[in-house]
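The values are calculated or read from the model by the stated rules, or taken from the named source; none is laboratory data. These figures come from a predicted structure and were not determined experimentally. Cβ sites come from the backbone with ideal geometry, for glycine too, and all protein chains shown count toward neighbours. These accessible areas exclude ligands, DNA and RNA; they are computed on the full protein's heavy atoms, side chains included. Shrake-Rupley method; radii C 1.70, N 1.55, O 1.52, S 1.80 Å.
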Amino acid sequence: MQTQMQTSGEAAAAAIGMVPGPAIPAKPPRRLVSRESKAADTIIKVGEALIGGPNFVVIAGPCSVESPDQLLDTARVVQAEGGMILRGGAYKPRTSPYSFQGMGEEGLRLLAQAREITGLPVVTEVMDTADIALVESYADIVQVGARNVQNFSLLRKLGACHKPVLLKRGLMTTVDEFLSSAEYILAAGNPQVILCERGIRTFETSTRNTLDLSSVCVLKERTHLPVIVDPSHAVGVRRFVQPLARAAMAVGADGVMVEVHCSPETALCDGEQSLRPAEFRSLMEDLKALGRFMHRNT
Ligand code: PEP
Ligand code: MN
């Protein structure tokens, strides 16, 4: 039967002028990111924070580092309300080249200063392979933004990075493609990858993106890597961030990353989706209450 199928397959191939070659393997090699290769949840330790397993991490901070006061004021709010990791972009992937592009190395220095003062570890984005060494020298976690999720040379180089990588899902990447991107980093030698669902682009226009919470279920089943949710970029509307953060915990995510700003009206980037301090406090209260119910360490 097998021989017959091969024979007819070969004959059909020859009939359309195809040169015989090796068969395509029926199954791709087992991936390092998969549950089959490692059943237990990967738990990543960053400072005092644990990401993965029974823990629920809250990463919070401004979209972008804008000034010493802006960052420090926000960092103090994050720390006072129980946030575990400070976020802030120094290199910003902006749609328009005329929009604020970030403070660059000066922004990294301010993040390091905020860490020193508050004790919070920091996560910040790297956009260019040329900046990896610099960003890695300041950051506790290196972020790959949605737009670079399939920048394979960047991913490969992050395999040699000694810091955990927070990899955001792209606007148009499937779950399987997202896992393949993570595989690039693991295969190149860095096992510390945190996946982040941040919404995908759909036909729906009433929110900035569409938060694909089903991807969290699928990812948790298929990979041992921690999976967090960024409701801020997913929804783009401040008042929807808190309910979606609750939903992220309810669906089994390992944490959330939210944007917080002490004066969102004057923010240089993403003010409309940034929580004010009181709103962040309320979100933390909700997550702590829900965490008790869901047996998550918050
Ligand atoms: C960010 O988190 O700062 C960011 C730019 O998000 P994304 O890459 O998901 O758009
Ligand atoms: Mn932002």
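Once the convex hull of the C-alpha atoms of the chain is built, how many Å³ does it hold per residue, rounded to a whole number?
On the way: hull volume 49.7 nm³, N = 298.
Output value, Cα hull per residue: 167 Å³.
Got a sec to turn the phi values of the range 49-62 into Karplus ³J(HN,Hα) couplings, 6.51 cos²θ - 1.76 cosθ + 1.60 with θ = phi - 60°, whole Hz, x for Gly and Pro?
Running phi through 6.51 cos²θ - 1.76 cosθ + 1.60 with θ = phi - 60° gives 7, 10, 10, x, x, x, 8, 10, 9, 10, 9, 8, x, x Hz.
Using amide H atoms built 1.01 Å from N in the peptide plane, name the residues 5+ places from Thr223, or on other chains, whose amide H lies under 5 Å from its own.
Placed amide hydrogens put Arg35 under 5 Å from Thr223.
When ligands, DNA and RNA are left out and all protein chains stay put, how many square angstrom of accessible area per residue does the chain have with a 1.4 Å probe?
Working: 13770 Å² over 298 residues.
In whole numbers, the chain has 46 Å² accessible per residue.
Using Cα atoms only, what is the angle between the long axis of helix 175-187 and the major principal axis of the chain, expressed in degrees (0 to 90) to the nearest 10?
In the chain, helix 175-187 runs at an angle near 90 degrees to the longest axis.
Could you give the angle, 0 to 90 degrees to the nearest 10, between helix 68-80's Cα long axis and the longest principal axis of the Cα atoms of the chain?
80 degrees
Ignoring ligands and nucleic acids, what accessible area does Arg208 show with a 1.4 Å probe (Å², nearest 10)?
Solvent-accessible area, nearest 10 Å²: 100 Å².
Of all accessible surface on the range 158-210 at a 1.4 Å probe, what whole percent is carbon and sulfur?
On the way: 1230 of 2130 Å².
Here it works out to 58 percent.
Kindly state, to the nearest 0.05, the FRET efficiency for Ala160 paired with Thr95, given R0 = 45 Å and r defined as their beta-carbon distance. Walk me through the numbers before you get to the answer.
Numbers: r = 30 Å, r/R0 = 0.67.
With a Förster radius of 45 Å, E is 0.90.
Please give the residues of the range 133-162, grouped as numeric ranges, whose backbone N is less than 19 Å from a label point set 7 Å along the Cα-to-Cβ vector of Ala112.
Those under the cut-off are 133-143, 161-162.
Hey, with R₀ at 35 Å, roughly what FRET efficiency would Asp73 and Asn297 work out to, going by the Cβ-Cβ distance, to 0.05?
Working: r = 28 Å, r/R0 = 0.79.
The calculated FRET efficiency here is 0.80.
Calculate what fraction, in whole %, of the accessible area of the range 19-144 sits on carbon and sulfur atoms when a 1.4 Å probe is rolled over the protein chains. Intermediate values should be presented prior to the final figure.
On the way: 3340 of 5940 Å².
Of the solvent-accessible surface of the range 19-144, carbon and sulfur hold 56 percent.
Taking the 0 to 90 degree range and rounding to the nearest ten, how far is the long axis of helix 238-251 tilted relative to the main principal axis of the chain, both from C-alpha atoms?
Helix 238-251 sits roughly 50 degrees off the main axis of the chain.
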